[in-house]
Amino acid sequence: MAAHNDLGHWGEASAASFLLEKGFKIIAKNYRNWQSEIDLIVAKDDMLVFVEVKTRSGTAFGMPEEFVNATKAKLVMRAAEQYIFDVDWENDVRFDIVSVLILPDGSTEIRHIEDAFSR
């Protein structure tokens, strides 16, 4: 497996742990539908949250969350619509980004951007 894939999986695991600590329940990881994938589906109270995780080992090309473009947002929303239909979800939903950045000293900075894009 390529190093960038390992980094991505590590970032998703870090994001999941971070969200668990914030009181979210992990519903699904790497939910796939057609050509779309949702990294994490989590819930808290009556809110279902679809999470795109972006992990980077530096900021030379920008912050991790800057790599979620309109095309990626549309793909996530398409997969979310199918998931909502499949489970017959009737409460609120939200789309978040969790940015995982490895700093030069080896420490990690995790940022949770709520309501990063809307349906």
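The values are calculated or read from the model by the stated rules, or taken from the named source; none is laboratory data. Keep in mind the model is a prediction, meaning the values are calculated, not measured. All Cβ positions, glycine included, derive from the backbone under ideal geometry; neighbour counts span all protein chains shown.
Couple of notes before you dig in:
- Search result, residues across segment 49-65 that are part of a strand (DSSP E or B) and within 11 Å of the chain's Cα centre (by Cα): 49, 50, 51, 52, 53, 54, 55
- Unique residue being over 24 Å from residue 13 (Cβ atoms), in contact (Cβ under 8 Å) with a residue 12 or more places away in the chain and surrounded by 13 or more Cβ atoms within 10 Å (Cβ to Cβ) when the list is 84, 41: 84
- Entry remark, segment 66-87: residues being in contact with a Ser or Thr (Cβ under 6 Å, 6 or more places away or on another chain) and not hydrophobic (A, V, I, L, M, F, W, C) number 1 in total.
Conditions tested, residue by residue: (1) more than 17 Å from residue 20 (Cα to Cα); (2) assigned to a loop (DSSP other than H, G, I, E, B); (3) touching a helix residue (DSSP H, G or I) at 6+ places or on another chain (Cβ under 7 Å).
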| position | (1), (2), (3) |
| --- | --- |
| 73 | yes, no, no |
| 83 | yes, no, no |
| 86 | yes, no, no |
| 90 | yes, yes, no |
| 97 | no, no, yes |
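- Whichever residue in segment 13-38 is part of a helix (DSSP H, G or I) and without any contact (Cβ under 8 Å) to a residue 24 or more places away in the chain and, among such residues, is farthest from the chain's Cα centre (by Cα): 21
- A residue that is free of Cβ contacts under 8 Å to residues at least 24 places away in the same chain and either farther than 17 Å from residue 108 by Cβ or assigned to a loop (DSSP other than H, G, I, E, B) (or both) can be found somewhere in segment 5-12.
- Against the test of being surrounded by 12 or more Cβ atoms within 10 Å (Cβ to Cβ), modelled with pLDDT of 95 or more, of a type in the set (Val, Ile, Thr) and touching a strand residue (DSSP E or B) at 6+ places or on another chain (Cβ under 8 Å), the options 26, 102 yield a single qualifying residue, 26.
- Residue match in segment 60-79 (condition: at pLDDT 90 or above and aromatic (Phe, Trp, Tyr)): no
- Residues of segment 87-119 classified as within 21 Å of residue 11 (Cβ to Cβ) and within 16 Å of the chain's Cα centre (by Cα), total: 17
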